[in-house]
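What follows is a short report on a single structure.
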Amino acid sequence: MTKRRQRALATNALPDDEWNAALHELPFLDHYDALTRARLRDLTTLFLVEKSIVSGATSGAHKLEITPHMRVLIAVQACLLIVGRGATVMEAMVDYDGWENVVVYPGDFPRTQDFEDDAGVVHRLEEPIAGESWEGGPVLLSWPAVEAGYDASGMALVIHEFAHKIDMLDGAVDGVPPLRGPARAAFQIAIGSAYDDFCRRVDAGEETDIDPYAAELIDEFFAVTCEVFFAEPELLLQQYPVYYGVLRSYFKVNPIAGTLGD
Ligand SMILES: [Zn+2]
């Protein structure tokens with residue numbers, strides 16, 4: 001796998017203009033140092049080789065054509081989550097092994113799964129959603145929601161959905177990425193207390209700077225706060241410094257300084 005990835009990197013360089021055009025649209029990447037950007041570019045290159053970013057609407061009135069620019073924009077944000085992981089980019093990509101497709105829709109799309117509640121009752125949710133991640137399967141994204149993500153709204157749908165992918169890596173959707181031993185315990189305690197505090201504030205009707213959707217479930221809290229970690233890190237550090245610290249330890253990135261390492 002590593003050899004194949006080394007070959008893929010050597011033969012599929014991402015053109016400068018495509019790379020620069022994507023960075024230009026993602027202001028939260030401006031301050032990253034040269035080393036981190038080089039790694040992010042290599043990961044983006046591998047992601048584009050290994051994953052298929054395809055249209056969910058290839059015909060009809062709402063037909064959506066996926067351009068190379070759209071592909072790079074999605075890939076670079078997905079790869080930001082793994083930029084500090086693994087000794088090499090080949091190793092970091094392992095976090096995204098086991099599935100192939102990113103399906104992009106021209107707007108919100110109906111949720112595709114039924115779900116079973118704690119009492120064992122199966123519900124079918126009909127409401128349209130902007131993004132969804134399947135364990136071992138595709139990531140689904142609404143393109144308008146992806147585009148809305150790099151304005152001042154502070155929302156970053158691609159980071160959100162790929163954070164769910166990372167949460168699912170250990171087989172449990174519980175807001176905890178794959179960690180073992182004391183690191184896992186520390187993460188669980190930190191996210192648990194941040195989540196409890198956030199739910200209390202939302203329940204009390206407080207206006208929160210973090211999207212109140214994060215109070216839905218702990219795995220949504222993880223996904224939303226990953227968006228904040230990468231797109232508005234000062235906010236998360238100020239509100240939940242201990243939790244911010246365990247995210248830094250997991251991602252091995254300092255998103256404020258724009259450097260690698262915990
Ligand atoms: Zn979510």
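The values are calculated or read from the model by the stated rules, or taken from the named source; none is laboratory data. Because the structure is a prediction, the values reported are computed rather than measured. Reconstructed Cβ throughout: ideal geometry from the backbone, glycine too, with neighbour counts over all protein chains shown. The protein model used for the area step is the full one, side chains on, heavy atoms only, and it has no ligands, DNA or RNA in it. Shrake-Rupley method; radii C 1.70, N 1.55, O 1.52, S 1.80 Å.
Remarks
- Residues being assigned to a loop (DSSP other than H, G, I, E, B) and under 18 Å from Ile256 (Cα atoms) - total across the stretch 15-33: 5
- Across the stretch 34-61, the number of residues qualifying as in a helix (DSSP H, G or I) and of a type outside the set (Ser, Thr, Tyr) comes to 14.
- Checklist (1) in the same structural domain as Glu65 (by TED's automatic domain parsing); (2) away from the ligand (no atom under 15 Å from the Cβ); (3) open to solvent by 60 Å² or more (accessible area, probe 1.4 Å) applied to Asp203, failing item: (1)
- Condition broken by Glu100, with the remaining ones in (1) away from the ligand (no atom under 15 Å from the Cβ); (2) open to solvent by less than 60 Å² (accessible area, probe 1.4 Å); (3) touching a residue at least 24 places away in the same chain (Cβ under 8 Å); (4) closer than 27 Å to Leu179 by Cβ satisfied: (2)
- Within the stretch 112-133, the set of residues being open to solvent by 80 Å² or more (accessible area, probe 1.4 Å) and either of a type in the set (Gly, Ala, Ser) or assigned to a loop (DSSP other than H, G, I, E, B) (or both) comprises Gln113, Asp118, Ala119, Glu126, Glu127.
- Within the stretch 169-191, considering residues that are open to solvent by less than 20 Å² (accessible area, probe 1.4 Å) and assigned to a helix (DSSP H, G or I), the one nearest to the ligand (Cβ to nearest atom): Ile191
- With respect to the stated conditions, Ile53 is crowded, with 21+ Cβ neighbours inside 10 Å, at pLDDT 95 or above, over 20 Å from Met155 (Cα atoms) and in contact with a strand residue (DSSP E or B) (Cβ under 9 Å, 6 or more places away or on another chain).
- Selection from the stretch 64-84 of residues that are open to solvent by 40 Å² or more (accessible area, probe 1.4 Å) and within 19 Å of Ala130 (Cβ to Cβ): Arg71
- Complete set of residues in the stretch 213-253 that are of a type outside the set (A, V, I, L, M), within 12 Å of the ligand (Cβ to nearest atom) and either open to solvent by 10 Å² or more (accessible area, probe 1.4 Å) or at pLDDT below 95 (or both): Tyr213, Glu216, Asp219, Glu220, Glu227
- The set of residues from the stretch 229-262 being outside any helix (DSSP H, G or I) and aliphatic (A, V, I, L, M) comprises Val253, Ile256, Ala257, Leu260.
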